[in-house]
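Coordinate-derived values only; no laboratory data. Please read all numbers here as calculations on a predicted model, not as lab measurements. Positions of Cβ are backbone-derived with ideal geometry, glycine not excepted, and every protein chain shown enters the neighbour counts.
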Amino acid sequence: MNLLSDVLDFFLTAQSWTGDDGLLIRTVDHLALSLFATMVAVALALPPAVWLGHRRRGAFLAVALVNVGRAVPSFGIVALALPISLRLGLGLGFWPTFVALVALAMPPVFTNTYSGIREVDPAIVEAAAGMGMTDVQVLRTTELPLATPVIWTAVRVSTVQVIATATLGAVIGWGGLGRYLIDGFAQGNDVWVLAGGIMVAALALLADAAFTVAERWVLPRGLSSRDRSEVETVAV
Amino acid sequence: MNNLPKLSAVPPRSAMPDAMIRLEHVSKTFPGSAAPAVRDLSLEVPEGEIVVLVGPSGCGKTTTLKMINRIIEPTAGDIWVAGVNAIATEPHVLRRQIGYVIQQTGLFPHRTVAQNVATVPRLLGWDRPSIDDRVVELIELVGLEPEMADRYPAELSGGQQQRVGVARALAADPPVLLMDEPFGAVDPIIRARLQVELLGLQAQVRKTIVFVTHDIDEAIQLGDQVAILNVGGVLEQIGTPEDLLREPANEFVAEFLGTDRGLKRLSLIPVHALDLDPGPVVAPGASKQESLVVAERYEVDWVAVESGGELLGWLYLAELENGRVPAADLRPFRTRLAATATLKEALNAIVTSRAKAAAVFDDDRYLGMLTADRISDEITQ
């Protein structure tokens, strides 16, 4: 009981939010790194996935990437990226965390985009080509819009995962909300641990909600609600 | 433009100048398959006609169709569409001049009916007002309500979707239409209606149509010519439905046409194609003797009563007693056959009538009498 009211006190104290190590700046840092990493992951994974899906090739790669995504722990990537980052003079903290998060987000985005494009009804693709669309027109006007629900879901799931995983950065000296967890554990401060956990969870849920709200504008109209809700994702 | 036909692309004038589509020794062998799907197929489709490709599964009918717009690339042979060498033309350029309708409709689910129909005009770069006008025109042409223009395909019935598919194929007014089992996925009642509508539509637009089906009845109903293909893309026979039914070239064709070939022929011949005999007809007031002579000539035991081009009814000779033929209290002809009816419908009327004859009318005017014998004579001659 005491712990909960202490946590509440922590959130209600102005000093907890301000300053260089306050909640506000750590939340902003956390969110900024997460969104940046997700965006870079999408930028890297989307084009090859779209093209391979369109060509209906590379199923092996898609499956392999999911498995790698499932098998390799993010912490392992952080550990791997750390010495490289140090050698390159990029320092502790930000860059190794960033690399780990990009690596975390890429497989689900790649795989879902690939299968989303590949699984567009072949009759529709044939009709589009049969009408006289060029290859690029088929991709742009037909395959991409019809795969949007699947791609959108993948980006959403990746973002949530990245926000949750970005706490890892604190282990190697980066800021963000992970600091409360790491420092809390180190100093036996349960209030920090719990407060940090609550903030990360809230951020992830908010991001998820934001994606759901944005769906209305992002997804093409005309796709029945069935098409939308049955969107499956292979994200871990 | 790199899609202009080369000099060699001009078809030899000696070959049927009317052929809108011509396949010359076309073959297709799919990778990894030993036997060709289509073997050395030559075929001509005259301008403005419907040619139906029909045959069992594996006969290469769909493959043949898809080679015309190069969804499938032929392994060998030449294909000419509207005088242009299809093989030497960029596929997307070729396809914009060929309407394409497929069984699963292939409508774009994320686009409205109007946007679907506008697909090819937009690809061709028409201006906005022309596209809008054309869309309205086509939606009406295929018998859809104007307010459907803003709906999405998922909000339409199967039959309506297929109409949109046809409208989309016709949008840029292509000379050629390819239809791949377009009515295969709709229920029989809607299918029958769509078939009739297609013929009505064709009477207006006069496109050159290649139509693929596995349904021989559909082929007979729709085709100006029917091409019967056998497994491996072998053309067994091509001809008008009547020619095929009258003289199937071989055992395979005969079997594919079915054991009710004679009946199928009947469904192709309209009643007015026959010289109608007036039948055993007498005027009111005719004597019993007169009636007996007329009835005997037709070997029946009844006479019909006609007055001034109007058929009043009929009666058995036995009902005549000793008097004269009356003008009232006659048995009615229940089935009044229109001159535009088919012989199949006529035969149905005959076998279900007690007089074993069907009276044929042009509106109210009596044209003559048809019997089963007369029909049999017609198709065995």
TODO: Using just the helices of chain B, give the 222 nm mean residue ellipticity in deg cm²/dmol: DSSP H runs with n ≥ 4 each add -39,500 (n - 2.57), and the total is spread over all residues, rounded to 500.
DONE: -9000 deg cm²/dmol
- [ ] Quick one: angle between helix B:288-297 and the longest Cα principal axis of chain B, in degrees between 0 and 90, rounded to 10, please.
- [x] 40
- [ ] Work out, in µm²/s and without decimals, the Stokes-Einstein translational diffusion coefficient of the protein assembly as shown at 4 °C, 1.567 mPa s, Rh from Kirkwood over C-alpha pairs.
- [x] 42
Open item on the list: Quick check: Cα centre of region B:284-350 to Cα centre of region A:101-121, how many Å?
Closed with: 80
Task: Built amide H within the under 5 Å cut-off of B:ILE50, gap 5+ - done: B:ILE209, B:ASP224, B:GLN225
TODO: Ratio to report: Rg/Rh of region B:219-291, with Cα atoms as the point set and Rh obtained by the Kirkwood method; give two decimals.
DONE: 1.33
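What 222 nm value per residue comes from the helices of chain A, counting each DSSP H run with n ≥ 4 as -39,500 (n - 2.57) and dividing by all residues, nearest 500 deg cm²/dmol?
Values: 12 runs with 179 residues, N = 236.
It comes out at -25000 deg cm²/dmol, rounded to the nearest 500.
For region B:271-380, what is the charge dipole size about the Cα centre, in debye to the nearest 20, if Lys and Arg each add +1 at the Cβ and Asp and Glu each add -1 at the Cβ? Each step should come with its number before you reach the end.
Values: 11 positive and 18 negative charges, 54 e Å.
The dipole magnitude comes to about 260 debye.
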TODO: With only Lys, Arg, Asp and Glu charged, each at its Cβ (+1 for the first two, -1 for the last two), find how big the charge dipole of region B:56-180 is about the Cα centre; round to the nearest 20 debye.
DONE: 380
TODO: Set the Förster radius R0 to 51 Å, insert the Cβ-Cβ distance between A:ALA59 and B:ALA338 as r into 1/(1 + (r/R0)^6), and round the FRET efficiency to 0.05.
DONE: 0.25
Task: 3J(HN,Hα) from dihedral phi, region B:349-354, Karplus parametrisation 6.51/-1.76/1.60, rounded to Hz, x for glycine, proline - done: 4, 5, 6, 9, 9, 6
Open item on the list: Taking 2.2 N^0.38 Å as the expected size of a compact globular protein, what ratio does the Cα radius of gyration of chain B give against it, to two decimals?
Closed with: 1.26
Task: Full-extension gain in nm, B:LEU292 to B:ARG324, via 0.36 nm per residue minus C-alpha separation - done: 10.4 nm
Task: Alpha-carbon Rg with Dmax, taken over region B:196-319, Å - done: 22.5, 69
Task: Projected area averaged over orientations for region B:271-380, convex hull of C-alpha atoms, nm² - done: 6.4
Task: Close Lys-Lys pairs in the protein assembly as shown, where close means Cα under 27 Å and separation is 8 or more or interchain - done: 14
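Rounded to two decimals, what is the ratio between the C-alpha radius of gyration of chain A and 2.2 N^0.38 Å?
Here the Cα radius of gyration is 1.18 times the empirical estimate.
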Open item on the list: What are the ³J(HN,Hα) couplings of region A:17-22, residue after residue, when phi is run through the Karplus curve with 6.51, -1.76, 1.60 and θ = phi - 60°? Round to Hz, x for glycine and proline.
Closed with: 8, 9, x, 5, 10, x
Task: Full-stretch length increase - A:LEU4, A:ARG140 - with 0.36 nm per residue and alpha-carbon distance subtracted - done: 43.7 nm
Task: Dimensions in Å of region B:87-167 - Rg and Dmax from alpha carbons - done: 12.9, 42
Task: Dipole magnitude of chain B, debye to nearest 20 (Cβ charges: Lys/Arg +1, Asp/Glu -1, about Cα centre) - done: 1140
Task: Global geometry of region B:140-206, whether rounded, prolate or oblate, following the gyration tensor of its Cα atoms and the 1.5 cut on a/c - done: oblate
Open item on the list: Using a Förster radius of 51 Å, what is the FRET efficiency between B:SER376 and B:THR29 based on their Cβ-Cβ separation? Nearest 0.05, please.
Closed with: 0.60
Open item on the list: Could you tell me how far the Cα centroid of region A:39-55 sits from the Cα centroid of region B:39-78, in Å?
Closed with: 38
